[in-house]
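Notes to accompany the following structure.
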Amino acid sequence: MQPKQHWENVYTSKSADAVSWYQEHAENSLSLIAQTGVPESASIIDVGGGTSTLVDDLLDKGYTALTVLDLSASALLASQKRLAQRATLVRWIEANVTDAPLGIHQYDVWHDRAVFHFLTRAEERHAYVAAVMRAVKPGGHVIVSTFAEDGPLQCSGLPVMRYSAETLHAAFGNPFTLVQHEKDDHLTPSGNVQKFIYCYCRKTAS
């Protein structure tokens, strides 16, 4: 099954609050975005945003240049319906992040909770990092969260990569400076605990 078909099946067969990665509010992500210190006019992309409520909370906080990217049209439509009229305030991109039509130096903040760990092939990870290099402004902020070293081996029936702060930073390389990292115990709707690692990096200014 192709990745797009897989995720369309996931989002059409389960409600938004039933998937394992559901959060009522993405508190860690919101905190790290706030710590970047970017103004409310900053351009922020949520990669793999799907049905996440992060975009709702960012709008509530006054951010005005938001983009949500996801492979699943069904997930994006669900978020748009939830936001109702406010959906017009957001740019929506249905694409695979590894070949998405992202502008050069377009974003001040790149946020990804739980996409990167699905990239199990080296060429996929290289394409992802190349997309970050192209799309994030010099000196911009990159927040990526994956399963930690003691996290699950699979998610939604797919194999995943697991990372420490050091190995996740190493996947991005010298153009990125690791500013902060933190672990998180995510409680799934079914009551299981999933171990995550969050890394916040700065892209070099040159």
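Some notes on this structure:
- Which of Val129, Gln106, His117, positive extreme of dipole for region 95-153 (C-beta unit charges): Gln106
- Packing-based ranking, highest mean first, of 162-173, 47-58, 7-18 given that Cβ atoms within 10 Å are counted: 47-58, 162-173, 7-18
- Counting only lysines at least 8 places from Lys4 when in the same chain, those with an alpha carbon closer than 17 Å to its own are Lys14.
- Region 178-189 - phi-based ³J(HN,Hα) in whole Hz, Karplus 6.51/-1.76/1.60, Gly and Pro as x: 6, 8, 7, 8, 7, 9, 9, 9, 8, 8, 6, x
- Under 18 Å of direct C-alpha separation, and excluding same-chain neighbours fewer than eight residues apart, Lys137 reaches these lysines: Lys203.
- Reachable aspartates and glutamates from Lys61, criterion Cα separation under 14 angstrom, eight or more residues apart if same chain: Glu27, Glu40
- Gap separating the Cα centres of region 174-195 and region 56-128, nearest whole Å: 19
- Distance between modelled label sites at Thr188 and Arg125, nm, 7 Å Cα→Cβ extension: 2.3
Computed from the coordinates by the stated procedures, all read-outs in this text should not be read as laboratory data. Everything numeric here is computed off the predicted structure, so don't read it as measured data. Neighbour counts run over all protein chains shown; Cβ positions are idealised from the backbone, glycine included.
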